[in-house]
Amino acid sequence: MTSVIGDDDNTADVVGYGKAADTYWEFGWRGVLPLKRGAKWPPPNGFTGYSGAEPSYPDILQWRELYPDGNLCLRLPDGIVGIDVDAYGSKTGGVALAEAQRRWGPLPDGPISSSREDDLISGIRLFRVPPGTLLNSVITFPDLSVGDIEVIQRHHRYAVCWPSIHPEGRAYWWRNSAGQIIGIPNPAELPDLPAAWIEALKLTPKSFDVTAPSFDVRKALTTGEQSMQVSMRMAEAIKELNLPGMSRHDTALRHVMALLRMSAEGQAGVESALQVLREVFVSVTAVDGSRTRDYAIGEFNRMVTNNNVARELSQPGITDWFSKVLGSSPDVPNANADRADNAGAEAPPTEPEDEPSNPEPSLSPLEVAEEGFWEARESLNIIYSAALSRMVSPWATLAWCAAIGLHFVPPDWTLPALVGGPGSLNWFAAVVDTSGAGKTAAGRVAKELIGRQVFERNLGSGEGLIQAYESPGEEPRRDAVLFTVDEVDTMKAMSSRSGQTTSAVLRTAFSGGTLGFSYVSSKLAPLAENSYRMTMVVNVQPTLAGPLIDAAQGGMPQRLMWFPAQDPRIRASLQNDWIPSLPLPRFESYPRTIDIPDEARQFILAGVEAAGRGAVTELDTHANFCREKLAFALAVLDGRTEMNVEDWELSGVVQRVSTMTRDNTVAAMEEGARNEAIDRGQLRGVEMASAEWGQQYERTRRSERVMAFILRKLDDGGPDGMTRRDIAVKMASRDRALLDSALTAAVTNGVVAFDGTRYTRRTTV
């Protein structure tokens, strides 16, 4: 362990992730992840949970630049666990820790990460365990109604530590058991977690046996009109999920568990409440960019159905225990739920926090995602004000402005060759609107803002796209065309025609590749590489987006940035007849490679590396390339031909809005498809799900029957008990396959004792 640091050392006030990350790396820590200053969530996408990637040193370098003053957390490696004790306020972690040490022996002294200077119990204690060890994620004693201890593991949470700042303003320090501040611990020098602790907490494959007796959430969810309590809990959950600075996972999980308790108590409408809550969770996590829609859905579903929930809810008297521990407070954390995928570093305090004296006005998800984007510079404020003055979406207007701005950039101006050859500035936008009116109006505003004549054509066939660059007579070919698609169905119709090459041409054009046809009948000369500028704006109605989204395997939706054409801020009172102009810069007529900031270069290269290890979703494979092009468009709209760091940072906000808009479009499309299928009576998935539920119900019934049989026989066997063979010979042959899982569950739940040979019925638990 490193030496003690003096209490007068105030480096936590000035040191952030940027300076500390390298030191942790040198000590042997690899999962050194950044957080925002004063925050405990969210961590970088793709580096937590069971499937999270291990960050490379280039990742660390990139994060050092992006989060120089940020908080720091450790995703623990395999073979190291953290015992996280919460003993402040009304939390019972201190009592639970004392009981655990009484049962399993004292814990050895080791480093403790904590921000609580006057509390020597609370904090995360680090220990070594044998590689591959899996432990229960919580330590709780239901018979004493105490818990508030979690076990941090590689797949489950992470440890916030020095030089981080707690959201309440306290500094995190590494301390010893005497409360002295120490240096960064060496992972190779950590004390071992005692064997008795490992044995008591260890999970085995049998622990996850689905045939073991458990709580079947799908059977237990109540239907019908929501009771008053259920409705109030759902409304409370929705409100909290939209508050800034809170862990979305922890917030949703608390309310999911409360709703499940209500369902166990027989209160009506829990099923519909959970469905609504899931959609809200998916929506708000899409806004903050921390999850894709599919990942968020899976994460929420696991909150409802994970194994810890099943095991805990199956225990006798568990409903009363939940009622006692959870109560009615929205701020009480659940001590039993498995938070393996995306949890924050600490549970929120039990006691309700004071309401702010001047609460901020409620913001729409779009406004939350913007983060002051429109106020960042005058050119953006002009676009914003002009759009609202004409009652159109600022984001739709920006999409058109970017497409028009890049339209005038010479085609032989390219981005640096970071991956492969030079990067083309050909750029495509999807404007999402329910009616289509927003797209058309936004285009007119953008053209007025820029004030230059644009050569615009409707999208046609692949050959027609090339032909659009032809000029009449002897005039040279055009070098720039802005293509528009009034309805996404147009793309579907063209792509469905035999021999059409529209999609293939667009995909090639996005990268600036050579466009042309080799067959004899074609009279068009090919367009050489980087000799043409192509921009495109596609109008997309969410429920009709199928043709575009379904083209993901071909790579078409990945090459678009997505913009909403509806905005809650549009008001008739903002109308104004006059709007200012956006003077574009002059462009030299010679080939040029555009310089990009080092921050952008490092970010893009890290993204390529992440894609190489499969950490990027299919719909995000070209996200950074699209962002790079858009960053230069922002420079152009600001009257410059040089890209700076601010352009790159602002493009990140646009990318976040794009991802949110795209995911919302996918959700609306899927919902529309489901409704259509229901109307046609063709929702085969419902039938399959019903069959699956029926099978699970039958497995549960068999498991319950086997467990009841075992307990009856052990009661008959008296204090001498029975061997496994004794029990097996008395069972029906059809049930013997469930014997081992049932015995393991009975021993784990404390209703049966096993001395290595014989099983006996416990008289007390």
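Inter-label distance, K202 to Q275: 4.5 nm, where each label sits 7 Å from its Cα along the C-beta direction.
Plugging the Kirkwood radius over Cα pairs into Stokes-Einstein for segment 62-117, at a temperature of 37 °C and a viscosity of 0.692 mPa s, what D comes out in µm²/s?
On the way: Rh = 14.4 Å.
Stokes-Einstein gives a translational diffusion coefficient of 228 µm²/s.
Across segment 21-36, coupling constants 3J(HN,Hα) worked out from phi with the 6.51/-1.76/1.60 Karplus curve, θ = phi - 60°, read 4, 4, 5, 4, 4, 5, 6, x, 7, 10, x, 8, 9, x, 9, 5 Hz, and Gly and Pro carry x.
Among the listed pairs K40/K239; K40/K202; K202/K713, those whose Cα-Cα separation exceeds 25 Å are K40/K202; K202/K713.
Placing unit charges on the Cβ atoms of the charged side chains and taking the dipole of segment 41-171 about its Cα centre, the candidate lying farthest along the positive direction among P77, S90, G147 is P77. Amide H contacts of S424: L415, each under 5 Å away and 5 or more positions distant or on a separate chain (H built 1.01 Å from N in the peptide plane; Pro and chain starts excluded). The 3J(HN,Hα) values that the Karplus relation (6.51, -1.76, 1.60; θ = phi - 60°) gives for segment 735-752 are, in residue order, 9, 5, 5, 9, 4, 4, 5, 5, 5, 4, 5, 5, 5, 4, 7, x, 8, 9 Hz. Gly and Pro appear as x.
Per the Debye formula with a single identical scatterer at each Cα and no solvent contribution, what log10 I(q)/I(0) holds for segment 34-180 at q = 0.10, 0.15, 0.19, 0.21 Å⁻¹? These q points yield log10 I(q)/I(0) values of -0.37, -0.82, -1.25, -1.44.
Amide H contacts of L527: L515, G516, each under 5 Å away and 5 or more positions distant or on a separate chain (H built 1.01 Å from N in the peptide plane; Pro and chain starts excluded).
In order along segment 527-533, phi translates into HN-Hα couplings of 8, 5, 4, 6, 10, 9, 10 Hz, rounded to whole numbers, per the Karplus curve 6.51 cos²θ - 1.76 cosθ + 1.60 with θ = phi - 60° and x for Gly and Pro.
Taken together, the values in this text are just the output of simple stated rules run on the coordinates, not laboratory data. Please read these numbers as outputs of a predicted model, since none were measured by experiment. Positions of Cβ are generated from backbone atoms using ideal geometry, with glycine treated the same way; all protein chains shown enter the neighbour counts.
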